[in-house]
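Accompanying notes for the structure given below.
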Amino acid sequence: MLAELRTGSETAFRKLVDDNVHQVTNLCYRFVQNRKDAEDLAQDTFTEVYFALSKFRGDSALSTWIHQIAVRKSLDHLRSQSRQKRKGYLTRLFTGDRDDHDDPGIDLPSTSNPEEEVELAECRFVLQSALEKLPKNQHIAFVLSKMDGLSYEEIAQILETTVSSVTSLIHRAKKSLYSDLKHYYLTSDKGL
């Protein structure tokens, strides 16, 4: 398939996108927590893949390279969003303006039970907040392993590190998350 892709085959590229778009969108979503942003980032990822195929050396699987681009784009988006939020906060602080369209970044799940919906949103918010406190590489390794189901070898390739380093990152992430979340779960009757 790679040979076909490098010839500029539209059919091969369409198949590559069709085979990977769901997984890439979900990966981006796990970082940005907004479906529309995740879809935009997935599209940006495949655009970069299309234009950078000639630079792909084949040192790793094509899917690993695509994941690497998606993670980088997601983190760039989060950094950009963080700068915009700080700027917006300072503007509101000094002008007193309030933007009622601020997106908290957490999409509410849809259930038929409003009580469940609120509880799920709260759980998602608490988990996302705990994940955001983790150092960048721990956050990435944990999300790729536990939420996207990638192997430690694939994560090592994406992070350009060793498998033992990934093992250590995930272990430290779990320890930090347990420490951050145990109080919430033990005091809220949610179970740990």
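Here are the numbers:
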{"quantity": "Any hit, the stretch 147-169, residues being part of a helix (DSSP H, G or I), at pLDDT below 85, of a type outside the set (Ser, Thr, Tyr) and under 17 Å from the mean Cα position of the chain (by Cα)", "calculated": "yes"}
{"quantity": "Residue match in the stretch 156-163 (condition: touching a His at 6+ places or on another chain (Cβ under 9 Å) and either surrounded by fewer than 18 Cβ atoms within 10 Å (Cβ to Cβ) or of a type outside the set (A, V, I, L, M, F, W, C) (or both))", "calculated": "yes"}
{"quantity": "Filter pass, Arg30 being more than 15 Å from His67 (Cα to Cα) and not aromatic (Phe, Trp, Tyr)", "calculated": "no"}
{"quantity": "Cross-chain or 6+ apart pairs with Cβ under 7 Å, the stretch 9-38 first and without any contact (Cβ under 8 Å) to a residue 40 or more places away in the chain, then among the β-branched types (Val, Ile, Thr) and part of a helix (DSSP H, G or I)", "calculated": "Ala38/Thr25; Ala38/Val32"}
{"quantity": "Candidate set: the stretch 31-62, residues that are open to solvent by less than 40 Å² (accessible area, probe 1.4 Å) and of a type in the set (S, T, N, Q); chosen: the one farthest from Ile158 (Cα to Cα)", "calculated": "Asn34"}
{"quantity": "Failed criterion for Lys73 (all others in (1) of a type in the set (Lys, Arg); (2) in contact with a helix residue (DSSP H, G or I) (Cβ under 7 Å, 6 or more places away or on another chain); (3) more than 22 Å from Thr161 (Cβ to Cβ) hold)", "calculated": "(3)"}
{"quantity": "Where a residue in the stretch 164-178 is farther than 13 Å from Leu131 by Cα and touching a residue at least 24 places away in the same chain (Cβ under 8 Å) and its partner, wherever it lies, is open to solvent by 20 Å² or more (accessible area, probe 1.4 Å) and of a type in the set (Phe, Trp, Tyr), with Cβ under 7 Å and at least six apart", "calculated": "Val166/Tyr152"}
{"quantity": "Subset tally (residues that are open to solvent by 60 Å² or more (accessible area, probe 1.4 Å), modelled with pLDDT of 85 or more and more than 17 Å from Gln81 (Cβ to Cβ)) for the stretch 123-145", "calculated": "2"}
{"quantity": "Sole residue being within 24 Å of Lys174 (Cα to Cα), assigned to a helix (DSSP H, G or I) and at pLDDT below 75, chosen from Leu120, Leu93", "calculated": "Leu120"}
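The values are calculated or read from the model by the stated rules, or taken from the named source; none is laboratory data. All values reported here derive from a predicted model rather than from experimental measurement. Because the Cβ atoms are built from the backbone with ideal geometry, glycine has one as well, and the counts that use them run over all protein chains shown. What goes into the accessible areas is simple: the full protein's heavy atoms, side chains included, and nothing from ligands, DNA or RNA. Shrake-Rupley method; radii C 1.70, N 1.55, O 1.52, S 1.80 Å.
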